[in-house]
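Each remark here refers to the structure printed beneath this line.
Please treat every number below as a calculation from the coordinates, not as lab data. These figures come from a predicted structure and were not determined experimentally. Positions of Cβ are backbone-derived with ideal geometry, glycine not excepted, and every protein chain shown enters the neighbour counts.
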Amino acid sequence: SFNFSAGPAVLPASVLSQIQRDLQEAQGSQTSILEISHRSATFQKIIDQAQKRLRDLMKIPNDYAVLFIQGGGSLQFEMMPLNFANKTGKVAVLDSGSFAHKAALAATAVGKEGVEVASSRAEKYRFLPSLPSDFDPADYDYLHITANNTIEGTAYHANNLPQTTGRLVADMSSNILAEPYDITKFDAVFAGAQKNLGPAGITLAIVKKEWLAEQTLHNVGPMMSYQTYIDKDSLYNTPPVFAIYALNLVLGWLEEQGGVEVMFKKHQVMAGKLYDYLDHSDFYHALVKGDQRSWTNVVFTTGDAKRDAAIAEKADKAGLHNLAGHRSVGGFRASMYNAQADEAVEALITFLEQVRKEY
Ligand code: PLP
């Protein structure tokens with residue numbers, strides 16, 4: 001069977017086997033991985049290795065900090081404005097999907113101002129909004145984008161990033177390490193682990209240290225301040241040891257696969273096959289057009305909500321799980337992250353074609 005869930009996502013089989021072994025006893029420590037101390041030498045090696053692997057895989061320069069934080073992408077919607085919206089107090093948001101919208105609301109909720117400078121909300125987020133021609137970066141502390149819109153199936157790919165001379169923050173929760181981005185184009189990047197990095201429970205934040213050094217924070221507690229995580233190497237309080245350990249295993253697997261470029265090719269082949277099938281079908285159609293299409297989340301429909309729901313249910317019984325689109329979009333969503341099996345897309349297309357013939 002295949003799992004097309006938007007997250008938590010499939011983990012590599014080799015990682016799951018390693019976890020099973022380490023649940024009994026982690027690397028000669030005579031303790032289960034669930035029991036090791038975050039202050040142990042065993043764990044220090046793990047978190048250091050995870051950081052080094054991320055630096056290598058994403059080519060993160062030394063003037064950026066690589067931090068592990070709890071609270072998911074959603075907490076980053078609050079931490080980013082608290083740490084970085086200190087001059088104008090305003091965050092510009094390209095409202096490309098419901099997570100961008102949430103980020104704007106969160107900025108306002110923490111006492112800053114989240115301003116949606118462009119939005120495709122009224123068009124159901126079927127395409128990406130672009131920066132208005134009169135956008136002045138000086139009016140805002142930074143611009144927030146969602147690199148990949150998990151729900152709506154659009155993405156600002158590396159060759160399609162908004163052009164701004166101001167600071168740029170990207171939520172890469174659903175395409176981190178799935179496609180290459182030049183990290184130096186961003187001032188901060190974050191991603192919840194549960195799609196491409198590992199199980200839920202840990203979030204990666206990459207922040208430019210020089211930008212952070214410019215900030216004066218008011219009423220921001222230590223847990224909400226990136227500087228704390230920098231000063232304490234992400235070990236200020238007890239981190240989710242297991243989630244970081246599993247993330248490190250996933251990164252090791254990714255290195256063995258050949259890294260981000262290899263993943264990117266894999267996604268272009270997998271999602272490409274599905275888009276190609278949909279584009280040649282008179283029964284299904286993709287909801288997003290052209291080069292704005294996501295490589296990790298493919299959204300499509302037959303145009304009939306009831307029929308879509310019935311087909312998604314039938315797919316589930318046939319071993320193709322979690323294909324129903326998000327409730328705000330409907331239709332189907334096939335999420336294919338880094339650990340997705342190559343055969344999954346073939347199985348899906350075969351199934352869709354069989355169903356088409358039946359109707
Ligand atoms: N941003 C994006 C692009 C997401 O896909 C998600 C969750 O799916 C989030 C943010 C929210 O992340 P979390 O559930 O880790 O808070």
Test of understanding: in a Gaussian network model of the chain with alpha carbons linked when under 10 Å, which of N248, N159, N86 would top the mean-square fluctuation ranking? N159
So the FRET efficiency between D134 and Q70, C-beta based with R0 = 45 Å and rounded to 0.05, is 0.70
Each residue of segment 336-350 in order: what ³J(HN,Hα) in whole Hz does its phi give by Karplus 6.51 cos²θ - 1.76 cosθ + 1.60, θ = phi - 60°, with x for Gly and Pro? 10, 8, 4, 8, 4, 6, 4, 6, 4, 5, 4, 4, 5, 5, 4
For the chain, compute the orientation-averaged projected area of the C-alpha convex hull (one quarter of its surface), in nm². 17.9 nm²
Could you rank the peptides 133-142, 98-107, 149-158, 169-178 by their average count of other C-beta atoms within 10 Å per residue, with the highest value first? 169-178, 149-158, 98-107, 133-142
Please check which bits of segment 89-113 a label hung off L217 would reach, taking the label as a point 7 Å along Cα-to-C-beta and the cut-off as backbone N under 19 Å. 89-91, 106-113
Note: probe point = Cα of K52 + 7 Å toward Cβ; backbone nitrogen < 14 Å; residues of segment 179-193 passing the test are none
Divide by every residue of the chain the summed helix terms, -39500 (n - 2.57) for each DSSP H run of at least 4, and state the resulting mean residue ellipticity at 222 nm, rounded to the nearest 500 deg cm²/dmol. -11500 deg cm²/dmol
The rounded separation in angstrom of the Cα centers of segment 216-236 and segment 293-350 is 40 Å
Full-stretch length increase - K87, S37 - with 0.36 nm per residue and alpha-carbon distance subtracted: 14.0 nm
Output the pairs from K124/K289; K102/K265; K232/K266; K317/K357; K59/K124; K87/K208 with a Cα-Cα distance over 25 Å in this structure; if there are none, say none. K102/K265; K232/K266; K59/K124
What nm distance separates the two modelled labels at T165 and D182, each placed 7 Å from Cα along Cα→Cβ? 1.8 nm
Once amide H atoms are placed 1.01 Å from N in the peptide plane, what residues at a sequence separation of 5 or more from L320, or on another chain, have their amide H within under 5 Å of its amide H? F2
Rounded to whole Hz and in sequence order, give me ³J(HN,Hα) for segment 186-201 from the Karplus expression 6.51 cos²θ - 1.76 cosθ + 1.60, θ = phi - 60°, writing x for Gly and Pro. 10, 9, 7, 9, 9, 7, x, 6, 6, 10, 9, 10, x, x, 5, x
